[in-house]
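Engineer: Could you have a look at this structure, given as structure tokens, before my questions?
The values are calculated or read from the model by the stated rules, or taken from the named source; none is laboratory data. Just so it is clear, the structure is predicted and the values come from calculations on it, not from any experiment. Reconstructed Cβ throughout: ideal geometry from the backbone, glycine too, with neighbour counts over all protein chains shown. Surface accessibility is based on the protein's heavy atoms, side chains included, excluding ligands, DNA and RNA. Shrake-Rupley method; radii C 1.70, N 1.55, O 1.52, S 1.80 Å.
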Amino acid sequence: KVYGHAERSPCELAVERDLVTKLQILLDAGADAMQCKPDPPYTGTSLLHVAAEKGSIQCLELLLILGLPVNQTAGLGYTPVMEACEHGHLEAVRRLLAAGASVGLLNEFQQTALNLVGEWRVPFDDSLEILKLLHHGGADLNHVDDLRRGIVQAMAKDRHHEALRWLATQGADLNQNS
């Protein structure tokens, strides 16, 4: 299901636009930050997932201060850091990791946050920086998902030359087969 403008909550709309003052007003009035998309496959999606996906840093910071769980899984097993990685939001990844987000959790496709880097044609420099952050956080550079895809294949298919060079220096398996 694709959510149209009318199907998103006021909080979700505020987060998508990084309107932190409006979000604070809504939350102070009793809006629920933990459940913004109740229907499968999005069940369990919190506003923190939305902030991570959209790269809404001010709202992300507010939600972290309010104590939303950084490792909550939503539909299909995605965590906020997975959303940030998939959509290439470097600063969101940095802040979620600093707040304790796990780099080793698996979604329903057996993907970690690392497997999702580069999924949406992330700018090359950001992909490399995100990879470095995840690796520093303990990510397995040789993890493959349920389709036997790893980060080396993802970086090779999209001309991420510097990322491939870096992966080689870090001991990633350059012979992974999909």
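Engineer: Could you look through segment 159-175, keep only residues that are crowded, with 16+ Cβ neighbours inside 10 Å and part of a loop (DSSP other than H, G, I, E, B), and pick out the one that is nearest to the chain's Cα centre (by Cα)?
Structural biologist: HIS160
Engineer: Could I ask something else about it? Please work out if ALA6 is at pLDDT below 95, open to solvent by 30 Å² or more (accessible area, probe 1.4 Å), in a helix (DSSP H, G or I) and of a type outside the set (Lys, Arg).
Structural biologist: yes
Engineer: Pull up segment 85-118, narrow it to residues that are of a type in the set (Gly, Ala, Ser) and modelled with pLDDT under 95, then point me to the one that is nearest to GLU162 (Cα to Cα).
Structural biologist: Going through the qualifying residues, I end up with GLY118.
Engineer: Could you tell me whether PRO123 is modelled with pLDDT under 95, of a type outside the set (Lys, Arg) and under 19 Å from ILE57 (Cβ atoms)?
Structural biologist: Numbers: modelled with pLDDT under 95: yes; of a type outside the set (Lys, Arg): yes; under 19 Å from ILE57 (Cβ atoms): yes.
Yes; evaluated as a whole, the condition is true for this residue.
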